[in-house]
Amino acid sequence: MSDHLFTTQTLQVDEHTIEEMRHHIRRYLIVGVALAIGTGLTVWASLINFGSYEINIAVALAIASGKGFLVAGFFMHLISEKKMIYAVLSFTAFFFAGLMFLTVWSMAHNNIIQIR
Amino acid sequence: MEIPYAVKPRPDTGLYNAKIGIWLFLASEVMLFGALFCSYILLRVNAPEGTWPHHWLNIWMGMTNTIVLIFSSVTVVLGWASLKMGEFGRYKVCQGITLLCALVFLSIKSFEYHDKFIHYQVNLKDGRVFDGHLQKAESTPDKFVFKGRYIDKPEELYNPPLERAEEPPVTIAKSDIKVDPVTKQPMMENYGPWHNTYLAIYFTLTGLHALHVIAGCIVIFAIWGPLARVWEQDPERYINRVEVSGLFWHFVDLVWIFLFPVLYLL
Amino acid sequence: MKTFTDNGLLSQTLAPRHEEPGFWRKYIFSTDHKVIGVQYGITSLMFLFLGLCLMSVMRWQLAYPGHGVPIIGPILYHLLGESMVSKAGVISPDLYNAFGAMHGTIMVFLAVVPLAFGAFGNFVMPLQIGAPDMAFPRLNMVSYQLYFVGGILMLASFFIPGGAAKSGWTSYSPLATIADMNLRPNGQTFWIIAMVFLISSSLLGSVNFITTIIQLRAKGLSWMRLPFFVWAQLVTAFLLLLAFPPLEAAAVLQLMDNLLRTSFFLPTGLVVSGQVLHVSGGGSPLLWQHLFWFLAHPEVYVLILPGMGIVTEVLANNTRKPIWGYRSMVYSVMTIGFLSFIVWAHHMYLTGMGVRIATFFQTTTMMISIPSVIILTALLISLWGASIRINTPMLFALGFLPMFGIGGLTGLPLGFNASDIHLHDTYYVIAHFHYIVAPGTIFALFAGIYYWYPKITGRMMNEFWGKVHFTLSFVFMNLTFMPMFIQGMAGMSRRMYDGGATYQASDGVVGLSPDTIHLNVGISHAVWLLGLSQLPFIINFFWSINRGGKVTSDNPWDATTLEWQTPTPPPHGNFDKPMEVFRGPYEYSVPGQSRDFTPQNEPEQPASATHGNTVRS
């Protein structure tokens, strides 16, 4: 049993940390603005008639993915995260893709055996 | 007995326990929402031509909610950054704004849900179909007052025009409504999850998302309010908790970033 | 000295506990992984027994359709009522289906996985990696409590109007929605809600396991020095983490179909009892199947991997040799985990999928058999040239090998699309998966119980009755399941409450031969004798707690892994000082050493010639 007694621990903050954080804060604000612009862009793009629905879907998902990348990369610090986390997430991404793609492929109309 | 690496990161992985824990949990949440998105795709692809609804949701409310959540994501990460710089007061303000944004989001969402529950599709005995919002205050058990319009073609139900003129109230007597031969009830159904699969998946996706918003709210509030004294005793542990709850909040925002175009725009 | 009031939220991590906890905190609301492991163990063993009882009643119906069940029949009549059981004690088809669905559900989700993962994983894994506890002890306690609530809900469902869920453990729509449609809530509702609790319990558990294994390994315990048991638990935890959520999503959708009249899985124009169902339609029953099997396939690997881990530990210990091909086994278990996510539709070959997609799943299914064979082969080769020590754990571990071999190999005709057309949904399938789980995993779990019992209780289980338990179980397991292959190949379908009597062949009619049907009688008797064979185990288990032979050392099996380097039973915090590891997990019979085993944490120095006990440095 550890005899670690509970004492008040003060946070050591040095100038270096504060300088770093100010730089990060600017980044967060820029990303925030980008996300807001992206949202407006999404709505605007959805009102344009590109000809086929598929293109609208592709555009909307592309913009959403871009916004998602910004949130994940900068707000969630994924851009500078450790290898272990990347490993967990890459497996997840692979299985997520598998679930989506394989299920949709199985149930696509041209893949279902028609019984006359 | 102390659990190692609860606060200080483990040298070879560079991570503290809760950070791995939350990312693992978020990975499982990706699979959860992924399965629901997969269901959405399949339900939509397999729907007969022309029967998948568009523009049944108010785009401006959805867009407002998106901006509100993005804003709250910014304040959450600013709150964490303030703590890293030792500025507790600023953290309190930022996180307070986050919580307010969450409440705004939930309020708008409740209003949207309510709107759907008072939106009826009425099948009349003379064969016409009426689509509109029930005005409860002016209705009686025998005469319903709606604000809406008569539908000429079935396609109009699934693709209502974006711009609609102000609709005058219409009174429909209960006796004019067709009765369903099987259930013996008048054929007027509101736009709940039972009405069609689009609404079903809409309510499920946004409902589950809203539950996550509420859960995130509770956790952030608990750390911000009652548990704030941990900041005095063990600042690094407190910062870790704020970071971990922030990661969950960003994920909730991330899911909405995909939900909004998929449900509201496409 | 600052102390804080123990409000449960902060105390665990902030204030050291000075007073001894009371009964409730120590045994019921404990956050100690060992207590939680024992809680999981006892609860899951009770469910295992209940699952066996359900099947025993069903087997009467299969052997003697139309005859009342002796003794149990009248009891069920009084408990469950006229609609479920006749006065003479004859099980109704509905009750048969309910027992069948619940047998599967209880065995998979309430018995085997909680025992293999929740009990053994919780108790042994932190000890084997030299950790003081799990990374998130309070989360661990919540995991058990969620499991417990799920279990209670499942049990309660037997006694509500309409009885328990009766649409198979697979809960296929639309049957799952339209069965007992007029009763709300019904057994199916309880089933779904209980599943949500169980899935949540698993998810929190897997987060805990993975974080613990990554972060709390002792100094010097690198990845390739981990006991195979830990690797197996790690991969299992990943399977549970990523495969369960789609089922949780699907369960919510099916619950909405049942309670809110949505149509996620109900097709348009569904006619029930002559009337079109009053729902919106537009859904797809196949969507449920995809989401269900996306979990349920990785789930079967969850059922087997911890067992393989246990068998590896017991084999290494009783062959007094390192495991052959440890590295291959590690890579194989990781490959199994990975591939298990992309094979699921081999459970759906007969749903009308196109040829290309069926071929894809057939290919991945064939691929996944390779790492499984590698693991089994490595374990078999580990026996070569070994000085085998026969004791009860070793008997069960040795018995596991051919039984898992049979189970695995009989999966191949099911994995091939073409042969599966004949075998799908027949008794062949039942025989295949039971061989893997029953004389496979359950034997491994028995091995684990006999093996780790002395560490938990400080006493050995009785060796003679252990051998009796093994011999009888081995014989009756085979007598139960081997004939089912024959029945399946003859075309006997699953889930027939009269054992196929309706389809019995007669002159000029193609059907099941009387011999095939008659096998039911032999199988049923084997099941009942299998049940009786568990009595020596149950008695031994409880009797030995206070009367078993006391161990003379903390390491009675002379094992190398870290869980044997603690006091017996291990105290709160496990190790009195941080462990440091210097070698791999199976250093048995190393040339030049005076003892035939070297514990992982023994420092590098000439081996002490004094005694075989743990040398505390």
Determine, yes or no, whether residue B:86 is in a loop (DSSP other than H, G, I, E, B) and either in the same structural domain as residue B:154 (by TED's automatic domain parsing) or in contact with a Lys or Arg (Cβ under 9 Å, 6 or more places away or on another chain) (or both). no
From (1) aliphatic (A, V, I, L, M); (2) crowded, with 22+ Cβ neighbours inside 10 Å; (3) within 18 Å of the chain's Cα centre (by Cα), pick out the condition that doesn't hold for residue C:296. (2)
Output for the stretch B:155-200, where each listed residue is in contact with a strand residue (DSSP E or B) (Cβ under 9 Å, 6 or more places away or on another chain), assigned to a helix (DSSP H, G or I) and either of a type in the set (A, V, I, L, M, F, W, C) or closer than 17 Å to residue C:268 by Cα (or both): B:157
For residue C:227: the one exception among (1) over 24 Å from residue C:347 (Cα atoms); (2) surrounded by fewer than 24 Cβ atoms within 10 Å (Cβ to Cβ): (2)
Yes or no: residue A:74 among the aromatic types (Phe, Trp, Tyr), farther than 30 Å from residue C:340 by Cβ and crowded, with 16+ Cβ neighbours inside 10 Å? yes
Considering only residues that are exposed (fewer than 10 other Cβ atoms within 10 Å of the Cβ) and within 26 Å of residue C:278 (Cβ to Cβ), which ones fall in the stretch B:153-181? B:153, B:181
Taking the condition crowded, with 23+ Cβ neighbours inside 10 Å and either within 14 Å of chain A (Cβ to nearest Cβ) or of a type outside the set (Lys, Arg) (or both), does residue B:231 pass? no
What single numbered condition from (1) at the interface with another protein chain (Cβ under 10 Å from one of its Cβ atoms); (2) among the charged types (D, E, K, R); (3) farther than 29 Å from residue B:86 by Cβ fails to hold for residue A:54? (1)
If only one of C:368, C:449 is crowded, with 20+ Cβ neighbours inside 10 Å, out of contact with any helix residue (DSSP H, G or I) (no Cβ under 6 Å at 6 or more places or on another chain) and of a type in the set (Val, Ile, Thr), which one is it? C:449
Going residue by residue through the stretch C:132-139, is there one that turns out to be in contact (Cβ under 8 Å) with a residue 12 or more places away in the chain and away from chain B (no Cβ under 12 Å)? no
Would you confirm whether or not the stretch C:534-550 contains a residue that is surrounded by fewer than 20 Cβ atoms within 10 Å (Cβ to Cβ), touching a residue at least 40 places away in the same chain (Cβ under 8 Å), in contact with a Gly (Cβ under 7 Å, 6 or more places away or on another chain) and in a loop (DSSP other than H, G, I, E, B)? no
Can residue B:72 be described as buried (at least 20 other Cβ atoms within 10 Å of the Cβ), facing chain C (nearest Cβ under 8 Å), part of a helix (DSSP H, G or I) and under 23 Å from the mean Cα position of the chain (by Cα)? no
Can you find, within the stretch C:65-102, the residue that is surrounded by the fewest Cβ atoms within 10 Å (Cβ to Cβ) among those that are closer than 16 Å to residue C:180 by Cα and aromatic (Phe, Trp, Tyr)? C:96
Between B:50, B:86, B:96, B:21, which is at positive phi and either within 14 Å of chain C (Cβ to nearest Cβ) or modelled with pLDDT of 95 or more (or both)? B:50
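The values are calculated or read from the model by the stated rules, or taken from the named source; none is laboratory data. All figures in this text were calculated on a predicted structure; none of them were measured in a lab. Note: ideal-geometry Cβ built from the backbone for every residue, glycine included; neighbour counts use all protein chains shown.
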